[in-house]
Amino acid sequence: MPPLVFADHIGLPFFVGFPRVYRRFAEAGLSDEVVFIGSGKLGLPHNAVLAMALGCDLINVGREAMFAIGCIRAQRCHTGRCPTGVATQSEWLAHGLDPADKAARRPVLVALRVELQRLADACGVSHPAAIPLGALELVDHRYDATTARHAFGYEPGWGLPPAARR
């Protein structure tokens, strides 16, 4: 495991780093040749839709799934001593997990998919990945708004799946 200072202070948040990487591939004409997978707090519909509009072909959702099965963010995952039994190999600690109880919470991921589809429908497209970046506006702390395409410096059409996959 890297030192904590790396996790806390090295690297870029997703919505800063990903557009930089995607732009490099798009400028080189390679963005349609790469599968982009987004990760990092993208489990909320508004974050997931923006990530897809920026060019993610799919997103990983971990945090919300962990919460759904009982994670309390004790931040002891790496020790094997998760107090809820979610992130452990200890049979004794794992007894804290009640699969029947947790199964009722599983719809969190189903709900995410439903919400993503509702956003796509509201934008008039058949799939969340087909929402053009220009259809989204970002509002800052002063209530000024700009299109996401302009905010991230994308050219028209960047971020959309290749025409053959649309």
Inset, instruction - Using a 1.4 Å probe and counting only protein heavy atoms, arrange 95, 78, 127 so the residue with the most accessible area comes first. - result: 95, 78, 127
Inset, instruction - Could you pull out the chymotrypsin sites (Phe, Trp or Tyr not before Pro) across region 115-166 that fall in loop regions by DSSP (anything but H, G, I, E, B) with no more than 11 other Cβ atoms inside 10 Å? - result: 143
Inset, instruction - Mind telling me which of 142, 24, 76 comes out most flexible in a GNM of the chain, alpha-carbon contacts under 10 Å? - result: 142
Inset, instruction - For the chain, with a Gaussian network of springs between Cα atoms less than 10 Å apart, report the residue from 37, 131, 59 with the top mean-square fluctuation. - result: 37
Inset, instruction - Express the accessible area of region 1-153 per residue in Å², computed with a 1.4 Å probe while the remaining protein chains stay in the model. - result: 66 Å²
Inset, instruction - Please arrange 56, 77 by accessible surface area, largest first, computed with a 1.4 Å probe and ligands excluded. - result: 77, 56
Legend entry - Average silhouette area of the chain, convex hull of alpha-carbon atoms, in square nanometres: 12.4 nm²
Legend entry - Gyration tensor (alpha-carbon) shape descriptor, region 63-125, a/c threshold 1.5: prolate
Inset, instruction - Sort 31, 39 from largest to smallest accessible area, using a 1.4 Å probe on the heavy atoms of the protein chains. - result: 39, 31
Legend entry - Computed over region 6-74, Cα set: Rg, Dmax in Å: 13.8, 44
Inset, instruction - With only Lys, Arg, Asp and Glu charged, each at its Cβ (+1 for the first two, -1 for the last two), find how big the charge dipole of the chain is about the Cα centre; round to the nearest 20 debye. - result: 260 debye
Legend entry - Residue (of 125, 40, 30) at the positive-pole extreme of the chain, dipole from beta-carbon charges: 40
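The values are calculated or read from the model by the stated rules, or taken from the named source; none is laboratory data. The shown structure was predicted, so the numbers you read here are calculated from the model rather than taken from an experiment. Glycine also receives a Cβ, built like all others from the backbone with ideal geometry; neighbour counts cover every protein chain displayed. Calculation scope for accessible area: heavy atoms of the full protein, side chains included, ligands and nucleic acids excluded. Shrake-Rupley method; radii C 1.70, N 1.55, O 1.52, S 1.80 Å.
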